[in-house]
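A quick write-up on the structure given underneath.
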Amino acid sequence: MAQQTLLILDFGGQYKELIARRVRECNVYSRIEPGEIPAEKVREIAPVGIILTGGPNSVYREDSPHIDREILKLGIPVLGICYGAQLMAYTLGGTVEPCSVSEYGKTRMTVDPESPLFDELEPEQIGLMSHTDRITVLPAGFTSVASTADCPNAAMQDPRRGLFAVQFHPEVESTPNGTQILYNFLFRVCGAAGDYNLHDLEKRLIEQVRAQVGDAHVLLALSGGVDSSVCAALLSHALPGRLHCIFVDHGLMRKNEGDEVEAAFSGRDLDFIRVNAEDRFLEKLAGVTDPETKRKIIGAEFVRVFEEESAKLPDVRFLAQGTIYPDVIESGGSHAATIKSHHNVGGLPKNMRFSGVVEPLRNLFKDEVRALGRQLGLSRAYVERQPFPGPGLAVRVMGEITREKLEILRDADAIFREEVGRLRVRPDQYFAVLTDTRSVGVVGDFRTYDYTVALRAVRTSDFMTCEYAPLSHTLLGRVSARIVNEVKGAGRVVYDITGKPPATIEWQ
Ligand code: XMP
């Protein structure tokens, strides 16, 4: 039986992915489509329910995104959130006007416990508000089921038609009972079956891959990152003996990383090809200091190595990629190009002989990919690896790349990661950078002239912006002492306290 889908229509709100993840956490599969999708397409998808997201516009402006009003007549339950709530009111003949007092942040509200949305909840609730317009006149057939001091219609409903709307954001943590409200919509209003879970998901993905590739062989460029690794683990279950993974070790990995990747895949039913290409890469990078040139050289060399190695393989007809859902959403939803240019490696060869691309993870969020990886037997430490740039340590060694500098960075970085790794709450990304600055020091009676290591640790949810992590001075002091004592060639340690913007997370 086909799995149920909850359709999320995107009106430009920043929380669309969060809504989709919350719904999936309630064991209902969700997918995001553009808000202006025609009703006909919605009918084809046949969702069990629809959620309209928030957005930054005003519904009464002509150039704001609108909804095909037929969607509201399909008999499928709809929940409008924020802009989505106003859009529902406006489309059905209600009135939306600018607020006399805009509401931002956690706001007290009184809800009607008789409403199916607020089932099991007390009348006094907190909701995260963020709006400058509000619904002033409800459309015919609707009643108000929540209010705040400044917003008399903080939620409205017409249960007969299955139409519900909330001005606040149930998807964020600042609305403490938000998940219960979404749960109520899914299970009490839409009658969802809750048929989405990881175990079935794995089985279904395996069936899909088998149906797609038949008895062909598949090639995967395994970077060692979480996505390509989980993809490899899944495909090795789906296609025992027919998955060929090329892992190009460009010599720019972190300490012991190449061996860890190899160990994670030994004993699995796949053809694991490790190419130790350090010499080639370092030769090409010799004397190069410009960051973009480094990236380009590495991308081009990667493609060359990959082509040479794959040419040695027998009849491989499919190329697998670890594309995940946020990549798909970012590159334009369902209209995304079929072959994503691999952001890790600067583009895989376009002229290779593949008859198709296999992307089994393309509907999954990162936390689902991690959970799937665990289920497929990858260790927790492995699936929780931090993001690591494709060009590796090349963009963390400032100036020219040499074996000596790489060695210093690897050792310093390992110490920093080991120490921070002991924290109960860790920053989202943390690593060391080797600056191109050497400074004078003194060890015993000798003058030294060694490199300065910079430590970087950031807090971020999306890696698009970040703030520096306020690590304790005790921790920083311990890391610094260990680095200058244990790492030959490292003479000074500094901590980077810049946010993004204006800095980026990586130094190059
Ligand atoms: P920036 O430095 O742009 O980094 O603030 C944002 C996030 O992306 C990672 N990053 C990369 N990831 N290939 C990748 O797959 C790359 O070339 C690359 N460059 C940066 C970076 O580690 C951070 O998490």
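Between a residue in region 127-156 that is buried (at least 23 other Cβ atoms within 10 Å of the Cβ) and any residue that is aromatic (F, W, Y) and at pLDDT below 95, which pairs come within a Cβ distance under 7 Å, given they are 6 or more apart or on different chains?
M129/Y104
Can you pull out every residue in region 360-387 that is within 16 Å of the ligand (Cβ to nearest atom) and touching a Ser or Thr at 6+ places or on another chain (Cβ under 8 Å)?
Hit for region 360-387 is L361, nothing else.
Of all residues being under 16 Å from G299 (Cα atoms) and touching a His at 6+ places or on another chain (Cβ under 7 Å) in region 271-287, which is most open to solvent (accessible area, probe 1.4 Å)? Just the residue, please.
Across region 271-287, the extreme among qualifying residues is E278.
Considering only region 240-251, I want to know if a residue exists there that is within 16 Å of the ligand (Cβ to nearest atom), within 28 Å of L434 (Cα to Cα) and not in a loop (DSSP other than H, G, I, E, B).
yes
Among the residues in region 169-189, are any open to solvent by 50 Å² or more (accessible area, probe 1.4 Å), in contact (Cβ under 8 Å) with a residue 24 or more places away in the chain and hydrophobic (A, V, I, L, M, F, W, C)?
Within region 169-189 (the criterion being open to solvent by 50 Å² or more (accessible area, probe 1.4 Å), in contact (Cβ under 8 Å) with a residue 24 or more places away in the chain and hydrophobic (A, V, I, L, M, F, W, C)), the answer is yes, since at least one residue qualifies.
Since K340 meets every condition but one in (1) of a type in the set (K, R); (2) out of contact with any Pro (no Cβ under 6 Å at 6 or more places or on another chain); (3) modelled with pLDDT of 95 or more, which condition does it not meet?
Condition not satisfied by K340: (3).
When residues of region 113-126 are filtered for being part of a strand (DSSP E or B) and either open to solvent by 50 Å² or more (accessible area, probe 1.4 Å) or touching a Ser or Thr at 6+ places or on another chain (Cβ under 6 Å) (or both), how many remain?
Total meeting the criteria: 2.
Counting only residues that are acidic (D, E) and closer than 14 Å to N256 by Cβ, how many does region 387-425 have?
Of the residues in that region, 4 qualify.
Which of the residues belonging to region 196-249 are within 19 Å of L364 (Cβ to Cβ), among the small types (G, A, S) and open to solvent by 20 Å² or more (accessible area, probe 1.4 Å)?
Residues satisfying the conditions are A211, S223, G225.
F265 - would you say it is open to solvent by less than 30 Å² (accessible area, probe 1.4 Å) and modelled with pLDDT of 95 or more?
The answer is yes for F265.
Can you find, within region 130-173, the residue that is nearest to P98 (Cα to Cα) among those that are at pLDDT 95 or above and hydroxyl-bearing (S, T, Y)?
Residue satisfying both the conditions and the ranking: T136.
Inside region 21-59, can you point out the residues that are surrounded by fewer than 17 Cβ atoms within 10 Å (Cβ to Cβ) and free of Cβ contacts under 8 Å to residues at least 60 places away in the same chain?
Scanning region 21-59 gives E36, P38, A39, E40, K41, R43, E44, I45, A46, P56.
Got a number for residues in region 204-217 being within 26 Å of the chain's Cα centre (by Cα), at pLDDT 95 or above and farther than 24 Å from F272 by Cβ?
1
Does E17 satisfy the criteria of being within 24 Å of the chain's Cα centre (by Cα) and crowded, with 19+ Cβ neighbours inside 10 Å?
Considered against the rule, which asks whether it is within 24 Å of the chain's Cα centre (by Cα) and crowded, with 19+ Cβ neighbours inside 10 Å, E17 comes out as yes.
Report those strands (runs of 3 or more DSSP E) wholly inside region 398-508 carrying at least 1 residues which are within 16 Å of the ligand (Cβ to nearest atom) and open to solvent by 30 Å² or more (accessible area, probe 1.4 Å). Give the steps one after another, and end with the answer.
Values: elements: 429-443, 446-459, 490-495.
Strands (runs of 3 or more DSSP E) meeting the threshold: 446-459.
Counting only residues that are of a type in the set (S, T, Y) and free of Cβ contacts under 8 Å to residues at least 24 places away in the same chain, how many does region 438-474 have?
Of all residues in region 438-474, those of a type in the set (S, T, Y) come to 439, 448-449, 451-452, 460-461, 465, 468, 472, 474.
Remaining after also requiring free of Cβ contacts under 8 Å to residues at least 24 places away in the same chain: 472, 474.
Total meeting the criteria: 2.
The values are calculated or read from the model by the stated rules, or taken from the named source; none is laboratory data. This structure is a prediction, so every number in the text was calculated from the model and none was measured. We place every Cβ from the backbone using ideal geometry, glycine too, and count neighbours over all the protein chains shown. Just the protein is used for accessible areas: all its heavy atoms, side chains included, with ligands, DNA and RNA removed. Shrake-Rupley method; radii C 1.70, N 1.55, O 1.52, S 1.80 Å.
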